[in-house]
Each structure stands twice: as structure tokens, then as C-alpha cells.
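A short write-up of the structure that comes next.
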Amino acid sequence: VRSKTITELKTKYHAQEPITMITAHDFITASWAQSAGCDMILVGDSLATNALGYESTTQIGLEEFQYHVQSVCRAQGAAFIMADMPFGTFESSIEKGVETAIALMKSSPKVGGVKLEVGSTSGALREQDYSLKLAAALCSRGIPVMGHVGLTPQRAHALSGFKVQGSKSAKDAAAIYQTAHELQDLGCFGILLECVPHKVSKHITESLSVPTIGIGAGNGVSGQVLVQSDLLGMNLGKIPKLAQKYGDLHEQSVGFIQQYLEDVASQRFPDNDRNGFKIKDDVWGDFL
Ligand code: KIV
Ligand code: NA
């Protein structure tokens, strides 16, 4: 099966049908997402905390991340696959950022684009914003870029925590709006809005001519993304307010493994007929 193209995603956007996106972090989770028929799969750097047990997404390096990108890309299916630009792999120079994006695209021919977290700046600051320059450099080199604005987790310290963005002042909302427009104008094929008041993200979406994908951004955007481990309840503990849990895979899995442990303890498993292998009687006789 070939992957969906950006043109096909845009057709959906122009038809005003919501674009569906979910994260995946390995072959199995990508297979589930592909079988479900989602439009886009994001190999998000949140896999660092959700699938690898790190404390922060800032801890994962490029090679370790690429290993997961490749694993996701081995699953069959038609989703458009996008990879995050991990923290520390693009900030030191435009050249470094371009090299990282190329390395991600080269991880697998199925990688269709990259996602870049972009700081929201306004006025004169915007002119010199590094991540906007990098986004432009990538787009001008033919690398499809989705600009991620609003709450940008890699910048959590700079933002003083994981907080809603653009809700406290008109200036902050305007900075997100302006940054989204700048990203569109420099060539991004879509904008991801995270943790932005739904009125603001709807307004931004209506003013843009490229699709917006929201997480914690309400239903007035062009599509939605959720972290698969949140949706499936893969991990212990609370999920963020912006997410929705459709299952409790952690609890279910623990239950299944406990059944197995009990079966082993009580010698119900394995069953020699169902799970075992026979030796011919004459071979057995010779052997004895
Ligand atoms: O890394 C990730 O999973 C993300 C989504 C939450 C948008 O960036
Ligand atoms: Na991310």
C-alpha cells in the first residue's frame, strides 16, 4: 500500500472533513493505527516519556529516535507518516537542523515530513526567530514541514511549565496567530496547535489556507491528534485533560499476564496436546 500524499490530505481539508492523526512509537502501535485507517501517523518525541520511561522528551537523541521511526515505518498501511525533530538535534545551526531533517527523511522512504516546534514571537522578534528560519530552510529544500505552535513541550522550561498558551493576553494569542501565518507563508503544509483556547485555534484555522491539527485546541481545527498511549491507557497514572482514554490497556495487560502466571503456577499451561510437540513412538523407543 502506498502512503497518502499531502495533496490527498489537503483534499480532505478542502472538503472540510476532519483529518485524523495519532502517534505511534513502534511497529505494533503503528500497525494498530494503520489497521484503524488513520490519515496520519506522528512519530512524536513524546515516545521518550510515554514508551521509553524518560522524564522528559528533551532526553532522547536522534539515533534512538530514528530507531523508533524505522520501526513505525515497517507497518503496512496508507497513513502519511511524520517524524518529530527531537530537542537538541536542530538548535545549534540551520545546517545542523537541515541535516537532522534529512536524516529523519532518510530513516525510511515512508517518512513524508517532519514536525518542528516553533516559538511564538511577535513584532520585531519574529524577524530573527531561529525556528522560523529553520522551517523556511527546510521548506525551501523540499522537506515537508508541519509547524507546531502553542504549547511546545521541548520549551516547557522557557514557558514555565506545561500550560495553555494564548489565553492570558491578547498579545500572546496574537503571537500564536502571527507565527501560524508566518509558518504558512514560508511553506509549511500544516500547523499543529497544542493547548490553545478553542476560540483562538478556530479563529486561526479560519484565517489560514493550510490545515491545522489540534491537540487541546478544540473542535474548530482541521484535524485532531492524540497520543496513542493516552488513548489506549497504556501507562499507569493520569492522562492530560486534553486527551481522551478509550481503553485501559495497562490494566488489561497486567490481568492477562497474571492469568498466564497462574496457569504456569498451577501447571495448566502449557498443555502437552495443544502447545507441545510429539516424538514418534519408535524413535522414542530407540532413544530409551
Ligand atoms: O510528541 C508528540 O506526541 C506530539 C503530539 C502531542 C503533538 O508532539
Ligand atoms: Na512532540
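Of the residues V283, V196, the one with the fewest other Cβ atoms within 10 Å heads the list, and the complete ranking is V283, V196. Quick one: net charge of H250's neighbours, Cβ under 15 Å, K/R +1, D/E -1? Value of the local net charge: -1. Taking a straight Cα-Cα cut-off under 18 Å and skipping sequence neighbours fewer than 8 places away in the same chain, the lysines within cross-link reach of K199 are K163, K168, K171, K241. Under 5 Å from the amide H of A217 lie the amide H atoms of C195, V196, each residue being 5 or more positions distant or on a separate chain, with H modelled from the backbone and absent for Pro and chain starts. Overall, the anisotropy analysis places the stretch 1-127 in the oblate class: the square-rooted eigenvalues a ≥ b ≥ c of its C-alpha gyration tensor yield a/c not less than 1.5, with a/b not exceeding b/c.
Each of the peptides 247-256, 108-117, 59-68, 9-18 was scored by the mean count of other Cβ atoms within 10 Å over its residues; in descending order, highest first, they stand as 108-117, 59-68, 9-18, 247-256. Amide H contacts of I81 (H built 1.01 Å from N, in plane; Pro and chain starts excluded): I41, G112 sit under 5 Å, all sequence-distant by 5 or more or on other chains. Dipole check for the chain: with +1 at the C-beta of Lys and Arg, -1 at the C-beta of Asp and Glu, and the Cα centre as origin, the magnitude is about 920 Debye. Taking a sphere under 13 Å around the Cβ of E91 and counting the other residues whose Cβ falls inside, with K and R at +1 and D and E at -1, yields a net charge of -1.
Do the sum for the chain: with -39,500 (n - 2.57) for every DSSP H run of n ≥ 4, divided by all residues, what is the mean residue ellipticity at 222 nm, to the nearest 500 deg cm²/dmol?
Details: 13 runs with 123 residues, N = 288.
Helices in the chain give a 222 nm mean residue ellipticity of -12500 deg cm²/dmol.
Dimensions of the chain from C-alpha coordinates, computed as largest minus smallest value along each principal axis and given longest first, are 89, 39, 36 Å. Of all aspartates and glutamates in the structure, the ones whose alpha carbon falls short of 16 Å from that of K278, not counting any fewer than 8 places away in one chain, are D286.
Phi-derived couplings, Karplus 6.51 cos²θ - 1.76 cosθ + 1.60 at θ = phi - 60°, listed residue by residue for the stretch 225-242: 10, 10, 7, 4, 5, 6, 4, 8, x, 6, 10, 5, x, 6, 9, x, 4, 6 Hz, with x used for Gly and Pro.
We did not get these values from a lab; they are worked out from the coordinates using the rules stated. Keep in mind that this is a model prediction, so the values were computed, not measured. With ideal geometry, Cβ positions are generated from the backbone for all residues, glycine too; neighbour counts draw on all protein chains shown.
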